[in-house]
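Chemist: Handing you a structure now.
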Amino acid sequence: MKYLTYGEYQEYGGTLDETAFNRLSYKASRKIDRMTFNRLQNDTEIKEPVKRLMFELIGVIGNSDTTSESYAPAIASEGNDGYSVSYASTSIVTPEMADKKIESLVEEYLQFEKAQNGQYLLSCGLGTLR
């Protein structure tokens, strides 16, 4: 099941094209499935916190993935006299930083949320992801 449609993504202000969105939303949904132990997979209605979390995760994953359309390299240096800009050769957001941000977002959005069967998405509340 998709946790966020492309139309919903655009309504939230997303600017990716549909191909890039599909790629990143797949990665984001896999992160949610892993961290919630697949507790959302049988739900027929996706709640607003899950949709908003997906939107946030797509941004985080896109910003840490140099092959993503949404990736924008960080400016390493900028000059004024003859105006020049140098960009960092790697992502400013490391995979480790992205993973910590993803864990934080999942806790923020899903801490007290339940699946349709009544089971909490995060098994024990705070600290379940660590």
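The values are calculated or read from the model by the stated rules, or taken from the named source; none is laboratory data. None of the values given here were measured: they were computed from a predicted structure. Neighbour counts run over all protein chains shown; Cβ positions are idealised from the backbone, glycine included.
Chemist: Given the criterion modelled with pLDDT of 70 or more, surrounded by 14 or more Cβ atoms within 10 Å (Cβ to Cβ) and either on the phi < 0 side of the Ramachandran plot or within 16 Å of the chain's Cα centre (by Cα) (or both), identify the matching residue among VAL106, VAL93. Please lay out each step first, then the result.
Modeler: Values: VAL93 fails: modelled with pLDDT of 70 or more.
Only one candidate qualifies: VAL106.
Chemist: Scan the range 65-76 and give yes if some residue there is modelled with pLDDT of 70 or more and surrounded by fewer than 19 Cβ atoms within 10 Å (Cβ to Cβ), otherwise no. Working first, answer last.
Modeler: If we filter the range 65-76 for residues that are modelled with pLDDT of 70 or more, which is where we start, we get none.
Checked against the condition, which is being modelled with pLDDT of 70 or more and surrounded by fewer than 19 Cβ atoms within 10 Å (Cβ to Cβ), the range 65-76 yields no hits at all.
Chemist: Regarding ARG52, is this residue in a helix (DSSP H, G or I) and of a type in the set (D, E, K, R)? Break it down into steps so the answer makes sense when it comes.
Modeler: On the way: in a helix (DSSP H, G or I): yes; of a type in the set (D, E, K, R): yes.
For ARG52, the condition - in a helix (DSSP H, G or I) and of a type in the set (D, E, K, R) - is met.
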